[in-house]
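The values are calculated or read from the model by the stated rules, or taken from the named source; none is laboratory data. Just so we're clear, the structure is a prediction, and the values are computed from it rather than from any experiment. Here Cβ is always computed from backbone atoms with ideal geometry, including for glycine, and neighbour counts include all displayed protein chains.
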Amino acid sequence: MFTLLTINFCSFAQKNIEIIKFSDVEQLLQKNDGIRVINFWASWCKPCVSEMPVFETLANEYQYNRVSVIFISLDFKRDIETVKKFVAEYQIKSQVYLIDEPDYNSWIDKVSPQWSGAIPATIISNGFKKEFYEQSFDYQSLSDKIRHFF
């Protein structure tokens with residue numbers, strides 16, 4: 001019985017949510033150790049929350065193809081506990097960061113000149129090629145975008 005409880009607890013445990021700066025995002029985009037799907041979201045954004053299971057399914061199904069999903073929360077730093085509770089409640093297993101750069105206008109153009117600042121927004125990158133999408137995704141459309149990177 002004890003072992004079963006431990007396994008269940010560990011399987012839903014979320015890694016610590018790291019607070020990062022934009023320079024860290026730039027480093028994530030430059031890595032070429034596989035395909036990175038980086039989703040910008042916030043816990044208060046209903047379309048963002050609705051599509052998160054799509055990204056989690058994709059991460060699970062493509063994990064052996066060197067595809068990783070990274071969520072970057074645009075919630076305020078002071079709301080880190082809310083983000084942690086959200087991640088635990090929704091059992092998010094992908095890496096989650098919270099960006100501490102409140103002056104969005106100073107960095108969103110560096111992510112993509114096409115980004116108006118609206119979320120959800122997603123970047124797919126392999127370190128050499130980068131595509132940006134300011135939209136919500138269903139599984140099929142996200143999977144189709146990933147296939148362009150193979």
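To keep it simple, each residue is scored yes or no on (1) more than 24 Å from A88 (Cβ to Cβ); (2) in contact (Cβ under 8 Å) with a residue 24 or more places away in the chain; (3) surrounded by fewer than 19 Cβ atoms within 10 Å (Cβ to Cβ); (4) in contact with a Lys or Arg (Cβ under 7 Å, 6 or more places away or on another chain).
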residue: L29; (1), (2), (3), (4): yes, yes, yes, yes
residue: G34; (1), (2), (3), (4): yes, yes, yes, yes
residue: W41; (1), (2), (3), (4): no, yes, no, no
residue: W44; (1), (2), (3), (4): no, yes, yes, no
residue: C48; (1), (2), (3), (4): no, yes, no, no
residue: M52; (1), (2), (3), (4): no, yes, no, no
residue: L58; (1), (2), (3), (4): no, yes, no, no
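Could you tell me which residue of the stretch 121-150 is surrounded by the most Cβ atoms within 10 Å (Cβ to Cβ), considering only residues that are more than 19 Å from L58 (Cα to Cα) and in contact (Cβ under 8 Å) with a residue 60 or more places away in the chain? Here the residue is G127. For A118, the requirement of being hydrophobic (A, V, I, L, M, F, W, C), in contact (Cβ under 8 Å) with a residue 12 or more places away in the chain and under 20 Å from V25 (Cβ atoms) is met. In the stretch 1-65, counting only helices (runs of 4 or more DSSP H) that sit wholly within it, the ones holding 2 or more residues that are at pLDDT 85 or above and of a type outside the set (A, V, I, L, M, F, W, C) span 22-30, 46-61. Could you look through the stretch 60-85, keep only residues that are buried (at least 16 other Cβ atoms within 10 Å of the Cβ) and among the aromatic types (F, W, Y), and pick out the one that is farthest from F137 (Cα to Cα)? In this case the residue turns out to be Y62.
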